[in-house]
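K.L.:
Starting off with a structure, shown below.
The values are calculated or read from the model by the stated rules, or taken from the named source; none is laboratory data. Keep in mind it's a predicted model, so treat the numbers as computed, not measured. With ideal geometry, Cβ positions are generated from the backbone for all residues, glycine too; neighbour counts draw on all protein chains shown. Note: areas computed on protein heavy atoms with side chains; ligands, DNA, RNA excluded. Shrake-Rupley method; radii C 1.70, N 1.55, O 1.52, S 1.80 Å.
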Amino acid sequence: MKKYTTLSDIENLSDIIQKAIQLKENPFQFKALGTNKTLVMLFFNSSLRTRLSTEKAAKNLGMDVMILNVHDSWNLEFEDGANMNLSTSEHIKEAAQVISQYADIIAVRAFPSLTNKEKDESEYVLNSFVKYATVPIVSMESATAHPLQALADAITIEELRTKQRPKVVLSWAPHPKVLPQAVANSFVEMMQNLDVDLTITHPEGYELSDDTIKNSLINYNQEGALKEADFVYVKNWSRYRDYGKILSQDLNWMMTTEKLGDAKFMHCLPVRRNVVVEDAVLDSDQSVVIEQANNRTFSAQIVLKQILENLDR
Ligand code: SN0
């Protein structure tokens, strides 16, 4: 693997899922691979799981890890040809090359603005690192995608499925904040590439981009969509078409034990209790959110491993 910024960087999906599951059995067996290699993790946004699981994954492979919260650093300029006489102190052209002197792999978290659709969709932060860094880039959630989460979710479903082709439902949930579509986008794309029966359910107006939906089934009736589900992935996202907007009348979309039926409950976390999902679901043994979080380590570890194996020095 040369980089991991989109799911299409995965060469063989079923193979990488199986290899991640194998890593779990003996996480330290490739400790020599990362010795004397450094992962630099750059955060433009908050993180709990991503930061700790990716650091753990790197350390399991013997790597050194350095973390920079970008807001503690210089204000970066991304525009080509900018006249930098205002608030930005350093251009990404220098910054990315400089960080590359200290890193063998750079991981970046950069959420969207959710105000400027075109700019968000250009993925200018992530893609500037891809363009100007001289080492491989890993996305730790970008404006439009969260590929490490989707890989962890695929591992979780593979481990827990009790039938060849489980029914998976992505169910939108209410939320007080304007959230990205990234997790939903990557989850849908991942499910489209697995042997699952996928249904997406959300109120009208919350359609994801056509590029994401492709031929996937959308059912605006949550109850109908949830029938006979094996896995229910609950997630809020803000509107894509009326970009970054929230409709007001959403509250009965919260996931409850009644709606969940016999399905497993999935969420990437962090989750707002009793807004997105009621306590009884999260506190039941149908919730697999902790397993998902655990699999974040092995999703990151298999990705870092495959990139380390491809480093030409
Ligand atoms: C982020 C999102 O993309 O939805 C990260 C998920 C991995 N979630 C949030 O920002 C939730 C913040 C909140 O206040 O609930």
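K.L.:
By average Cβ neighbour count within 10 Å, what is the ranking of 282-290, 259-267, 142-150 from highest down? All intermediate terms of the calculation are to be shown ahead of the outcome.
P.N.:
Working: 282-290: 15.0, 259-267: 20.3, 142-150: 25.1.
Output ranking for 282-290, 259-267, 142-150: 142-150, 259-267, 282-290.
K.L.:
Quick check on the chain: helices-only [θ] at 222 nm, where DSSP H runs of length 4 and up contribute -39,500 (n - 2.57) each and the sum goes over total residues. Nearest 500, please.
P.N.:
Details: 12 runs with 114 residues, N = 313.
Theoretical 222 nm ellipticity from helices: -10500 deg cm²/dmol.
K.L.:
I want the local charge near Lys59. Using Cβ-Cβ distances under 15 Å, sum +1 for each Lys or Arg and -1 for each Asp or Glu among the other residues.
P.N.:
Value of the local net charge: +3.
K.L.:
Hey, what's the chain come to in accessible area per residue, 1.4 Å probe, Å²? Working shown, then result.
P.N.:
Numbers: 14550 Å² over 313 residues.
With the other protein chains kept in place, the chain gives 46 Å² per residue.
K.L.:
Once you've got the Cα coordinates, tell me which of Lys19/Lys167; Lys56/Lys93; Lys117/Lys167; Lys235/Lys264; Lys93/Lys119 are over 20 Å apart.
P.N.:
On the way: Lys19/Lys167 24 Å; Lys56/Lys93 29 Å; Lys117/Lys167 32 Å; Lys235/Lys264 14 Å; Lys93/Lys119 18 Å.
Exceeds cut-off: Lys19/Lys167; Lys56/Lys93; Lys117/Lys167.
K.L.:
How tilted is helix 182-192 with respect to the longest principal axis of the chain? Cα atoms for both, answer in degrees (0 to 90, nearest 10).
P.N.:
70 degrees
K.L.:
With a cut-off of 8 Å between alpha carbons and a minimum separation of six or more residues, what is the relative contact order of segment 147-292 in percent?
P.N.:
Details: 258 pairs, mean separation 40.6, N = 146.
Relative contact order here is 28 percent.
K.L.:
Taking the alpha-carbon set of the chain, what are its Rg and Dmax in Å?
P.N.:
Cα only, the chain: 19.5, 60 Å (Rg, Dmax).
K.L.:
While we're looking at this one, here's another question. Give the whole-number value, in cubic angstrom per residue, of the convex hull volume spanned by the C-alpha atoms of segment 147-292. Please report the intermediate quantities before stating the final value.
P.N.:
On the way: hull volume 14.6 nm³, N = 146.
Hull volume normalised by residue count: 100 Å³.
K.L.:
Quick one: what Rg and Dmax do you get for segment 1-76 from the alpha carbons, in Å?
P.N.:
Cα-based Rg and Dmax for segment 1-76 come out at 14.4, 42 Å.
K.L.:
Can you give the angle from 0 to 90° between the axis of helix 13-25 and the longest principal axis of the chain, with both taken from C-alpha atoms, to the nearest 10?
P.N.:
Around 80 degrees separate the two axes.
K.L.:
Something else: Using the alpha carbon gyration tensor of segment 83-204, what are the three equivalent-ellipsoid semi-axes (square root of 5 times each eigenvalue), largest first, in whole Å? Don't skip to the answer; put the middle values down first.
P.N.:
On the way: eigenvalues 228, 76, 19 Å².
Equivalent ellipsoid of segment 83-204: 34, 19, 10 Å, largest first.
K.L.:
Which GluC sites (Glu not before Pro) from segment 232-313 combine a DSSP loop assignment with at most 10 other Cβ atoms within 10 Å? All intermediate terms of the calculation are to be shown ahead of the outcome.
P.N.:
Working: sites: Glu258, Glu278, Glu291, Glu309; in loops: Glu278.
When the GluC sites (Glu not before Pro) of segment 232-313 are filtered for loop state and at most 10 Cβ neighbours within 10 Å, nothing remains.
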